[in-house]
Structures are given as structure tokens and as C-alpha cells.
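Notes follow once the structure below has been shown.
The values are calculated or read from the model by the stated rules, or taken from the named source; none is laboratory data. Computed from a predicted structure; not experimentally measured. Please note: Cβ atoms are built from the backbone with ideal geometry, for glycine as well, and neighbour counts cover all protein chains shown.
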Amino acid sequence: MEDFRKKVQTRLGINSMLCLSSIAIYFALTFLTKNADEFAKGLSMGVFCGLEIVAVFNTIRLLITLRSEEKLREMYIKENDERIKAIERMTAQKGFIISIIGMALGAIVAGFFDVRVCLALVGALFFSSVVTLCARAYYNKNM
């Protein structure tokens, strides 16, 4: 259980750094891009606020977990449950396939209306494919 406690403490440190760095990055970007359009400013504000909310929520949850041995044990059991892992794995596989098919269909339809949107979707498909192939090669080599 001590090894798991160290993992949770590491997660806590990462979440704390994420809280601080997301605020710093947002203000740095705001300062460096004063002439950016309102959409870009709003999008970055939304992303960084969402990231900050998730990081603060996780930090609080991990602090509460570290203070109680019972909650730490519950988290350990939940994270190492084989059924939950199998469900997450199947969800990720099916969700990825559906997303890829949706992007491919979107790229086809967008090609009739706007070439830039089509190319952006094709680029996203290419990136997803490269990441998938690299992850598969990594896990085939290490497992």
C-alpha cells in the first residue's frame, strides 16, 4: 500500500504543478498575444479554466484520499479492478473507431464545402493514425 501512496503523492504533485502552470501559461499567452482575435482569446480562456477546474478538483480529491487509509484502500481497489479495466479498454477501442469513422466522413463531406476544413480533418486523421501506430509498436515491444 505504501507504493500506491507514493503514486498518489506523485499525482498530487503533478496536479499541483498543473494548477500553477496553467495559470502562468494563460497569462503569458495573454500577454504575448495582445492582438489576437476574440475567438482565440475566448477559446484559450475556456481551455485553461477547464483545465484549472479539473486540476483543482483532482488535487482536493487526492488530498482527501491521502488523509484517510480507508479512502486510499478504496482508490487502490477501484484502480486495480479487472472488470473496470476491461470496460475502459473496450470503451476506448470502440470510441476511437467511431471517432475515426466520424472524422473520415466529416472530411469527405467537408471536401465539398471547404478545402481547409477537409485538410484539417485529414490532418487530424493522419495524426491519430500515427499516434495509434506508435503506441501499438511501443506496447507490442514492451508487453
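Quick check, is LEU32 of a type outside the set (Gly, Ala, Ser), under 30 Å from VAL130 (Cβ atoms), under 23 Å from the mean Cα position of the chain (by Cα) and at pLDDT below 85?
Judged against the criteria, LEU32 is not a match.
Just to be sure before I move on: is LEU62 in contact with a Ser or Thr (Cβ under 6 Å, 6 or more places away or on another chain) and within 30 Å of MET1 (Cβ to Cβ) in the structure I sent?
No; evaluated as a whole, the condition is false for this residue.
Every residue, every condition in (1) farther than 29 Å from LEU12 by Cβ; (2) modelled with pLDDT of 85 or more, yes or no:
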{"residue": "ALA40", "(1), (2)": "yes, no"}
{"residue": "LEU63", "(1), (2)": "no, yes"}
{"residue": "LEU66", "(1), (2)": "no, yes"}
{"residue": "LEU72", "(1), (2)": "no, yes"}
{"residue": "GLU88", "(1), (2)": "no, yes"}
{"residue": "ALA92", "(1), (2)": "no, yes"}
{"residue": "PHE112", "(1), (2)": "yes, yes"}
{"residue": "CYS118", "(1), (2)": "yes, yes"}
{"residue": "LEU121", "(1), (2)": "yes, yes"}
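What's the number of the only condition in (1) among the hydrophobic types (A, V, I, L, M, F, W, C); (2) modelled with pLDDT of 90 or more; (3) within 16 Å of the chain's Cα centre (by Cα) that CYS49 fails to meet?
The number of the failed condition is (2).
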